[in-house]
Amino acid sequence: MTTVATVTDEGTDSPYALSHLDALESEAVHIFREVAGEFENPVILFSGGKDSILMLHLALKAFAPAAIPFSLLHVDTGHNFPEVLEYRDRVVAEHGLRLHVASVQDYIDRGVLKERPDGTRNPLQTVPLTEKIAQERFDAVFGGGRRDEEKARAKERVFSLRDEFSQWDPRRQRPELWQLYNGRHAPGEHVRVFPLSNWTELDVWQYIAREHIELPGIYFAHEREVFQRAGMWLTAGEWGGPKESETVEKRLVRYRTVGDMSCTGAVDSDATTLDAVITEIAASRLTERGATRADDKMSEAAMEDRKREGYF
Amino acid sequence: MSNSTTEPVKPLSTEQLSATTLLRFATAGSVDDGKSTLVGRLLHDSKSVLTDQLEAVERASASRGADAPDLALLTDGLRAEREQGITIDVAYRYFATARRRFILADTPGHVQYTRNMVTGASTADLAVVLVDARNGVIEQTRRHAAVAALLRVPHVVLAVNKMDLVAYEETVFAKIAEEFTAYAGELGVPEITAIPISALAGDNVVEPSSNMDWYGGPTVLEHLETVPVSHDLATCHARLPVQYVIRPQTAEHPDYRGYAGQIAAGAFRVGESVTVLPSGRTSKVTGIDLLGQPVDVAWTPQSVTLLLEDDIDISRGDLIVPSGDAPATTQDVEATVCHVADAALSVGQRVLLKHTTRTVKAIVKEIPSRLTLDDLSQHPEPGRLVANDIGRVKIRTAEPLALDSYADSRRTGSFLLIDPSDGTTLAAGMAGDAFATPADEAAQAGAAADEEGWDF
């Protein structure tokens, strides 16, 4: 029955050194279990994107053979990729999970939120998200954010205390020492938890390959009707594109991140397998967000400003 | 070897990429000794800075009227940092070579940010201390060496920077290396590697320098790639803090009761007799689940689930150890703390103490001394500690703790002090003696020694 799932480096390290993926996995599992042990009502933000799929996979491993002691929360912008929604519902059913949905469309229909002139709904997620957290009294909210994504995120703690308005104050963060995460919070406050803090985009893909994790098809190269806006290939659809001046083309593309259709760009790619995707990313000279996210390009501190307001 | 250092993340197979190990390291340096340049150089020359990041830096530099891209903008992520041109908080950076993945805790160098270096060093396997070759070992260098020694960072690199400004003179480097090694060695830093570099010119950072033929050692990156990361488990006391009890209570697993946690030190084996602290109850390991997969042996830092022979009362906060190798439990903790909060820590103050997965009430009984990092002198009975102070404390806890000495185990010898009123993290604590006994002195003292070492 002996199985030791560990690879060692040639020569320099002891046979007890973990591979970097094993080390990252172990750390993430530790974080999931800390939250399960210390909080009353945690929830995993689940978008159907690769990072949240990875979080779910790690959570399943952390509590096996028992069920995950958390529910899921999806902030639905109303402009989601249909393949991703289908994936979301399938996973929820398969694992018997409970899914909460906070809907941006609802807020727009009720007149609480206004559509932005640029049609981007990503920044509109903050209000439905924070209200849902307050309403359901979630005290820990797992996010798939990684520090390698963006320079404001590089300063984010694994346990990030948010006030009753969900605000992040980068100057008042608790120092994070050893693996001793301090999750104490006052009623009304909550903690954002980032188990993938130390993972890079490449780590995520390598781990997905190693663990044979299924992903929505839009992560792999496929023919798609897209049009160009601000240097990015956006999916044509009812959400508001293309405009008259923009032309739709059929191109072989894939997505590196999955967010809202209105702000997530596709990249030209012929990578149809995990190995091909990994090779492509390893050779890419663009960051994940730089290549595909419009919302981060709004200003030098776009991410920091959104995070201060409660964005994850 | 030099090829692999300059061509990272070339399309290797998934297996090759997965087999690399992870090194966590921290950088420390004074304000103008070139830390940002070194970090920028490591990221840039290992091709970890991507085109859009570089373009963003170029745009921002140009809009500020700078004539060259300011690489510090790569690492200063917050508005306030960019406005003030300083780094105010620890940031974590990621880069990779074909041999290893690196997590770099980029810690600010200002005197008032000692807590940031403590934060970065707490999880680091290695610390890089930067020195300006023109200035040599200064007070700040001694502080950084002392923090690395206090936090028991296993490997310390002295990077003597700006060698280009001292004509790449071997004697300049040798003198600084000697002075630093003597000082850090006295503090008990176990391994010191001195490397002469020019971060600006790129000498000995990633590429070996032709300007310093007299230097035969590794470049900074080569050293980072080859330094061993794990400890000899044979000499470690095995420790498993229980995080969570897994009880599926399903038809498939009606009786499963597993104790989940990350192994903090050493290794556990099926069949081993174990003791649970603080209760002292004993049992035997009947199974180990490594994330759903049964194994015979597991070790630090694997996250596992232990199954025991007896159905004894175990919950979050307990510590599972091999029978016969248990730490003493105590309610009187003597430790060194680094105060990290803005509000002071005073004698008589009621706090919470978080040790592994256990949080207990505690009271600060005494603050016998405060350490002056500049010269390691001690200030007796300071009464209170303020932000960035390092001091000795005596703490009484409401419940017994199974606390190792920090010297034996960084994970089970460390703790946090927390303000019970608002949850603020007040201090980072390390149980037992502050500094290690220097290697040669320890050897002289021999087995009989009840050596206080560099305690203060």
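The values are calculated or read from the model by the stated rules, or taken from the named source; none is laboratory data. The structure displayed is predicted, hence computed values, not measured ones. Ideal geometry is used to build each Cβ from the backbone, glycine not excepted, and the neighbour counts take in all protein chains shown. Accessible surface is based on the protein model in full, side chains and every heavy atom, while ligands, DNA and RNA are left aside. Shrake-Rupley method; radii C 1.70, N 1.55, O 1.52, S 1.80 Å.
Distance between the pseudo-spin-label points of B:LEU165 and A:ALA230 (7 Å out from Cα toward the beta carbon): 4.2 nm. Working note: Karplus 6.51/-1.76/1.60 with θ = phi - 60° gives segment B:268-277 the couplings 10, 10, 5, x, 6, 7, 10, 10, 9, 10 Hz, where Gly and Pro are set to x.
By DSSP, what percent of the beta bridges with both residues in the protein assembly as shown are antiparallel, rounded to the nearest 5? Please report the intermediate quantities before stating the final value.
Working: 99 of 137 bridges.
Counting DSSP beta bridges with both partners in the protein assembly as shown, the antiparallel share is about 70 percent.
Per residue of A:207-220, count partner chain C-beta atoms within 10 Å of its C-beta, then hand back the mean as an integer. Working shown, then result.
Numbers: counts 1, 0, 4, 4, 0, 0, 0, 0, 0, 0, 0, 0, 0, 0.
Taking all residues of A:207-220 together, the mean is 1.
Protein-only accessible surface at a 1.4 angstrom probe places the residues B:ASP296, B:ASP342 in the order B:ASP342, B:ASP296, largest first. Phi angles of segment B:298-308 translate, via the Karplus equation with coefficients 6.51, -1.76, 1.60 and θ = phi - 60°, into HN-Hα couplings of 9, 9, 5, x, 6, 8, 9, 10, 9, 10, 10 Hz per residue; Gly and Pro are given as x. Approximating the spin labels as points 7 Å out from Cα along Cα→Cβ, the A:LEU99-to-A:PHE165 distance works out to 3.3 nm. The local environment of B:ARG281, defined by Cβ-Cβ distances under 9 Å, has a net charge of -2 under the rule Lys, Arg +1 and Asp, Glu -1.
Beyond 22 Å, what percent of the Cα pairs of segment A:77-159 remain? Can you show the working numbers first?
On the way: 1469 of 3403 pairs.
Here the long-distance tail beyond 22 Å is 43 percent of all Cα pairs in segment A:77-159.
The residues of segment A:49-75 listed by number as losing at least 10 Å² of accessible area in the complex, against the isolated chain and with a 1.4 Å probe, are A:LYS61, A:PHE63, A:ALA64, A:PRO65, A:ALA66, A:PRO69. Computed from phi, the 3J(HN,Hα) profile of segment A:228-242 under the Karplus parametrisation 6.51, -1.76, 1.60 (θ = phi - 60°) reads 9, 9, 6, x, 10, 8, 9, 6, 6, x, 5, 5, x, x, x Hz, with x in place of Gly and Pro.
Taking each DSSP H run with n ≥ 4 as -39500 (n - 2.57) and averaging over every residue of chain A yields -9500 deg cm²/dmol at 222 nm.
Each other residue within a Cβ distance under 11 Å of B:ILE390 adds +1 if Lys or Arg and -1 if Asp or Glu, for a net charge of +3. Annotation for the B:A interface, with buried accessible surface near 7600 Å², both sides summed [1.4 Å probe; non-protein components not counted]. Here each label is just a point 7 Å from Cα along the line to Cβ, and for B:ALA174 and B:ASP332 those points are 5.2 nm apart.
For A:LEU286 and A:ALA186, the difference between the fully extended length at 0.36 nm per residue and the C-alpha to C-alpha distance is 31.9 nm.
For B:GLU55 and B:GLN293, FRET efficiency with R0 = 41 Å and r from the beta-carbon atoms, rounded to 0.05? Let's see the in-between values first.
On the way: r = 45 Å, r/R0 = 1.09.
Efficiency at R0 = 41 Å is approximately 0.35.
With 30 Å as the limit on Cα-Cα distance, the pairs of B:LYS35/B:LYS354; B:LYS47/B:LYS354; B:LYS35/B:LYS175 that go past it are B:LYS35/B:LYS354; B:LYS47/B:LYS354.
What percentage of the solvent-accessible surface of segment A:113-253, computed with a 1.4 Å probe over protein heavy atoms, is contributed by carbon and sulfur atoms? Each step should come with its number before you reach the end.
Details: 2630 of 5740 Å².
For segment A:113-253, the apolar C and S fraction of the accessible surface comes to 46 percent.
Please compute, for peptide B:293-305, the average count of beta-carbon atoms on other protein chains lying within 10 Å of each residue's beta-carbon. The partial results should precede the final answer.
Details: counts 6, 3, 6, 4, 3, 2, 7, 3, 7, 11, 13, 2, 6.
Mean partner shielding for this stretch: 6.
Nearest 0.05, what FRET efficiency do B:GLU191 and B:ALA251 give at R0 = 60 Å with Cβ-Cβ as r? Provide the component values of the computation, followed by the final result.
Working: r = 54 Å, r/R0 = 0.90.
For R0 = 60 Å, the calculated efficiency reads 0.65.
Counting only residues at least eight positions apart within a chain, or on another chain, the lysines with an alpha carbon under 16 Å from that of B:LYS365 are B:LYS394.
Taking amide H positions as modeled 1.01 Å from N, with prolines and chain starts lacking one, the residues under 5 Å from A:SER71 and 5 or more places away or on another chain are A:ILE44. Listed by chain and number, the lysines whose C-alpha is less than 22 Å from the C-alpha of A:LYS243, apart from same-chain residues fewer than 8 away, are A:LYS114, A:LYS297.
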